[in-house]
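Undergrad: Quick one: the structure is below, questions incoming.
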Amino acid sequence: MEMAGVKFSRPLTHDLLKQVIVGLGGELKRVLITAVKENTYYAELHIHRDGAWIQVDARPSDSIAIALRLKAPIFTHPDLLDSAPVNTIEPTKEEGPLDAESLKTYLQNLDPEDFGKFMP
């Protein structure tokens, strides 16, 4: 919804967390997708505040939504993507790499379930 520019009269959970991070003087520096275990992805929010780093364990879908709101980069190790059994859009020789608009469409069509089941 963030990418589509949809606005609500009341803040959603991701908007609330954005306000908490900013209100407490923090800055979301990055989201790191850390692991895949039994088809479940894991992520961390890396927040910088008053010279200290805070790492918060979070679901990747929530982490990505918050990163979009705070315009923070999203990272993972290439080996993690290679080992994960995820259906992705594979460009054909004729198409070449995804352009920005195709990537945006792909990301808009992602479902939280695409990241696996959350198991605390």
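Undergrad: Those residues that are exposed (fewer than 15 other Cβ atoms within 10 Å of the Cβ), at pLDDT below 95 and not in a loop (DSSP other than H, G, I, E, B), I need them from segment 36-55; list them, please.
TA: Lys37, Thr40, listed by residue number.
Undergrad: Which pairs have Cβ atoms under 9 Å, sit 6 or more apart or on different chains, and link a residue in segment 38-60 that is under 14 Å from Gly25 (Cβ atoms) to one that is among the polar types (S, T, N, Q)?
TA: Ile47/Gln55
Undergrad: Would you mention how many residues in segment 7-35 are at pLDDT 90 or above, small (Gly, Ala, Ser) and either exposed (fewer than 14 other Cβ atoms within 10 Å of the Cβ) or touching an Asp or Glu at 6+ places or on another chain (Cβ under 8 Å) (or both)?
TA: Count: 2.
Undergrad: Keeping to segment 57-73, report how many residues are surrounded by fewer than 17 Cβ atoms within 10 Å (Cβ to Cβ) and β-branched (Val, Ile, Thr).
TA: 0
The values are calculated or read from the model by the stated rules, or taken from the named source; none is laboratory data. Since we're looking at a predicted model, the values are computed, not measured. Cβ coordinates were reconstructed from backbone atoms using ideal geometry, including for glycine residues, and neighbour counts include every protein chain displayed.
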